[in-house]
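The values are calculated or read from the model by the stated rules, or taken from the named source; none is laboratory data. None of the values given here were measured: they were computed from a predicted structure. Positions of Cβ are backbone-derived with ideal geometry, glycine not excepted, and every protein chain shown enters the neighbour counts. The area values use the complete protein model at the heavy-atom level, side chains included, leaving out ligands, DNA and RNA. Shrake-Rupley method; radii C 1.70, N 1.55, O 1.52, S 1.80 Å.
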Amino acid sequence: MYKYDNYDQTIVDERVAQFRDQTERFLAGKLTEEEFRPLRLMNGLYVQRYAPMLRVAIPYGLLSSEQLRMLAHISRKYDKNYAHFSTRQNIQFNWPALETVPDILADLASVEMHAIQTSGNVIRNTTSDQFAGIAKDELEDPRPYCEIIRQWSTFHPEFSFLPRKFKIAVSGATSDRAAIKVHDIGLNLIKNDAGEVGFNVIVGGGLGRTPFIGADIRPFLEKQHLLSYLEAILRVYNRFGRRDNIYRARIKILVNDLGKEEFTRQVEEEWSHIKSGVMKLDQKEIERVQRYFTSPEYDDNASDDTSFNELEKSDKGFSNWTKRNLFAHRVPGYKAVVVSLKAPGIAPGDATDEQMDHIASLADLYSYGEVVVTHDQNLILPNVKQANLFALWKKLSKKNLATANIGLLTDMICCPGLDFCSLANAGSIPIAKQINEKFDDIDYLHDIGELKIKMSGCMNACGHHHVGHIGILGVKKKDKEFYQLTLGGSAEKDACLGDRLGPSIVKEEVANVIGKLLSVYVEKRQDEERFLDTYRRVGIEPFKERVYPKTPAKEKAHANN
Amino acid sequence: MQIIKDRNISNDDWVIAREIDDAAFVPKDNTIFPFSYWQLNSGDLLKQNTSHAIWIDGDIETEQLSSHLNHLSIIALDFPAFKDGRSYSHARILRDRYNYEGELRAIGNVLRDQMFFMLRCGINCFEVTEGKNAEDALKSFNDFTVRYQAAADDAVPIYKLR
Ligand code: SF4
C-alpha cells in the first residue's frame, strides 16, 4: 500500500497545526461559530444531533493493521469504544469532544491518516473497487490512480469551494463494484482497440433527491491526460454549477441542464487549453505509485491444501460462512474474506475497539497486514490462504464477526438516521434491528439468496436507497416516522434506480412488508433467479398487490363512482 | 483601504464603486469600476491618462475580459461569501490562459484561512476586512510549505520533485 514520504507527512502535520490553531482561535472567541463552521467542515467535523461527529478518510478503503489499531485506540481514548464504517469507505467517530479533535488528528497523522476533505464542498475521498488488486476480472489495479487523484485533489486551491461536494470513483474491473455510474465522476479502466489502457469517463451520476445515472462523456482517455481532464471537468463545474439552491448544485444537475453534448463540448474546450501543459501526467509517476501496490509474495503451493474442502463438508456453520463470506481470488489457493459488521442487534457498520484490534491482529496473522473497508460497511481481509480459513473463521466467530450473511437480506446498508443525524426524518438503525429480529433463521436467509437492502433516513440518500434491490427511505408524516419503499435498484454494471412500490408504510410494518415481498419472490422465482432478476421479469404489479391489496370497501366505493 | 500586496501590508487609495446607477456620475481617478460600467464607458475612460481598474464577480464569464486586459492594471475579484468559489477560476484563467500580469485583488469576504488558496490561484493582493488583523492574515501564507499540485504560482506537481 502507499507509504508517505516526507512531502506527504509534512502536509498532514501542517494540517494538524493549522487546525489546532483554528480550534484555539474559536475556543478563545476570536472566530465566530459562523466563521469556524467552514473550517471545521473542511476537516470532517460536523455538529450532529447530540455531539460532534468526526469523519476520517480511508483513501480508497485501504487500511494497514497499524492504522486499524490506531482507530481502535482513538475510539477508546476519545470516544465511546466504537466507531462506524460508512458507505464511502470512511470511518466516523460519533462522540469526540471538540477540544480533543486536534489531538485525534495528531494521532492519525502518526499513522499516515487524516480527516482532510471528508466533508464540505470539496473533492472527497476517491473510492474504488473493494476487491482491487485481487479480483479475477481486473484489467488493472485502480488504486494507484486513486492515490494520484488523492494527491492532486488535496487542498486543490481552485476547487476547495465548489457548489457542492464532489465524489470520484475508479474501477479497473469488468464488474463494477465501485458504483461508478452514480458518482460525480466515474472512471473505468478499459483497453482500446489499439490495446492501450486508459479511462472511460462518466460524469453526472448521483443519488440524493434527484437521482441520475451518469453520462458517458469520453469513451477513452489516455492515462497521461487523467489530471488535466479532471481539472477541466471541475473547472466547468466550479464556474457554471448552480449555487442558488443546494438541491440543484451537484454536477448531475449541470450535466442534465446543459445536456450531455453541450457539457462535453465545454469540458473539451477547457481541456484544449491545459492538456499539453504542466498538468500532463508523467508515466514515471504512474509507475512510481504503482510500485506501492505490488502483490505480496504468495505461496505457490497454497492450493495443495485439502483440509479446506473437508472441513467445508463436515462443518455446517463453516460451510454457511464460506458460501457467503468468501470472494474468489485471482491466485489459486487464496480467498478474500468478508468480515461481517452486520451481526444481529448491532447497528450496521459499527465496530468496537476490541473488534478492531482483533481484526488487526488477524490481518497480521493471515492477510499480510491489510484490511479493506467495503461500500456495504463490512471489512475485507483480502489475501487469506485457504488452509487458514477455518482457523480464521473460528477466531472471527469469537468476537461476533463471522455472521454468514454477506450479500443477504441482513447485510443491510444503513445511514446513521434519526439516532445521530440532525437532517433525518426517521430512524434507520431501529429498522435494521426490526429486520434482524424478524429474519433470524440463517437457512431462510440463505434460501432467499442475494438481496441488497439499502436504507436512508431522509432524501439525502446517504444509505443509497435508490440503488437497493429493496430501498427504504424514511419520511415524516404528521410528525410520525413513515417509510417509502422502492424495488429493483442496482448500483452495479446494470445500474438503475428503484421503482416506488406505493404509499409509505408505518414503522411497525416495515419488516412484515419485506416478508410479503419475499413471499411473492419465492412463489415466482425460476431456477437460480435472484430477487432482482425475478422483479425485473415479473414487474412491480404482483408485489404491489400483495402489499396493498384492494379492499372490498374500496372496490365498492369505486363502483359507486 | 488596507491591503496585503505581494506579501506586504500597505494602504492604497483605490476605491471600489460597487454600483453605479446615477446617470450624472462623474468618474474619479483610482476607482475600481464594475465591469459593466467599463464596457459602456471604456472609450472615454481610456482618454484619461491614468491606470484603470475593474471588478468582477462569478456571474461574469472570464472570457468576456480578454480584449480589455491590456488596459487594466487591476482586476478585482469579488468573493461575496466564503462559499462562492467562482473567482478562484477567474484568477486561474486570467493568469494561466491569458497570461494577465497586472494585479489581481481579492475583495469582499476575504477570509484569512482562504488566502493561501487565493494566492496559489494567482491573486496577489488582498483587501483586509475591517476589524481583522493583517499581521495574523500574513502568517496564514505559511500554513503549508508543501503543495501537491501545480497552479498559477510557480509550484509544479510535487512528483516532479520526488
Ligand atoms: S440520509 Fe439523511 S438521515 Fe441519513 S445520514 Fe444522510 S442526511 Fe442523515
The range A:534-543 - phi-based ³J(HN,Hα) in whole Hz, Karplus 6.51/-1.76/1.60, Gly and Pro as x:
4, 4, 5, 6, 8, x, 7, 3, x, 5
Cα gyration tensor of the range B:86-162, axes a ≥ b ≥ c as square roots of the eigenvalues: rounded (a/c below 1.5), prolate (a/b > b/c) or oblate?
oblate
How large is ³J(HN,Hα), in whole Hz, for each residue of the range B:122-133 in order, when computed from phi with the Karplus curve 6.51 cos²θ - 1.76 cosθ + 1.60 and θ = phi - 60°, using x for Gly and Pro?
x, 7, 10, 9, 10, 6, 8, 5, 3, x, 9, 8
Select from the range B:30-139 those chymotrypsin sites (Phe, Trp or Tyr not before Pro) which occupy a DSSP coil region and have at most 14 other Cβ atoms within 10 Å, ordered by residue number.
B:Tyr98
Shielding score for B:143-154, defined as the mean number of other chain Cβ atoms within 10 Å:
6
Using Cα-Cα distances under 8 Å and only pairs 6 or more residues apart, what relative contact order does chain A have, in percent?
12
How about A:Lys275: which lysines have a C-alpha closer than 16 Å to its C-alpha, ignoring those fewer than 8 places off in the same chain?
A:Lys223
Taking just the alpha-carbon atoms of the range B:8-115, what radius of gyration and Dmax come out, in angstrom?
13.8, 40
Mind checking the log10 I(q)/I(0) for the range A:239-289 at q = 0.26 Å⁻¹? Debye, one equal scatterer per Cα, no solvent, two decimals.
-0.92
The range A:275-373, accessible area per residue, ligands and nucleic acids excluded (1.4 Å, Å²)
47
Computed over the range A:413-554, the Cα gyration tensor eigenvalues, each multiplied by 5 and square-rooted, give semi-axes in Å (largest first) of 23, 18, 15
Which pairs, out of A:Lys284/A:Lys493; A:Lys167/B:Lys83; A:Lys181/A:Lys313; A:Lys3/A:Lys260, put more than 30 Å between their alpha-carbon atoms?
A:Lys284/A:Lys493; A:Lys181/A:Lys313; A:Lys3/A:Lys260
Check each residue of the range A:224-239 and keep those whose accessible area, probe 1.4 Å, is at least 50 Å² smaller with all protein chains in place than in the chain alone; give them in order of residue number.
A:Arg239
List the residues, sorted by chain then number, that are 5 or more residues from A:Leu408 or on another chain and whose placed amide H is less than 5 Å from its amide H.
A:Leu451
Which lysines have a Cα lying under 21 Å from the Cα of B:Lys47, excluding residues fewer than 8 positions away in the same chain?
B:Lys28
Environment charge at A:Tyr292 (Cβ cut-off 11 Å; Lys +1, Arg +1, Asp -1, Glu -1):
0
Mind running the shape call on the range A:302-398? Use the C-alpha gyration tensor, a ≥ b ≥ c as the square roots of the eigenvalues: rounded below 1.5 for a/c, prolate if a/b tops b/c, oblate otherwise.
prolate
Stick to Cα atoms and the Kirkwood definition of Rh, then tell me Rg/Rh for chain A.
0.96
Chain B: angle of helix B:35-47 to the longest principal axis, Cα-based, in degrees nearest 10:
70
Chains A and B: what accessible area do they bury, summed, in square angstrom to the nearest 100, with a 1.4 Å probe?
3600
Between their Cα atoms, which of A:Lys342/A:Lys452; A:Lys433/A:Lys454; A:Lys80/A:Lys438; A:Lys136/A:Lys191; A:Lys30/A:Lys165; A:Lys252/A:Lys507 are more than 21 Å away from each other?
A:Lys80/A:Lys438; A:Lys30/A:Lys165; A:Lys252/A:Lys507
Count neighbours as other Cβ atoms within 10 Å of each site's Cβ, and list the GluC sites (Glu not before Pro) in the range A:275-361 that are DSSP loop with at most 14 such neighbours.
A:Glu297
Under 5 Å, built H, 5+ apart or other chain: amide partners of B:Arg105:
B:Ile75, B:Ala76, B:Leu77
I'd like the Karplus ³J(HN,Hα) series for the range A:321-327: coefficients 6.51, -1.76, 1.60, θ = phi - 60°, whole numbers in Hz, and an x wherever there's a Gly or Pro.
5, 5, 5, 9, 9, 10, 10
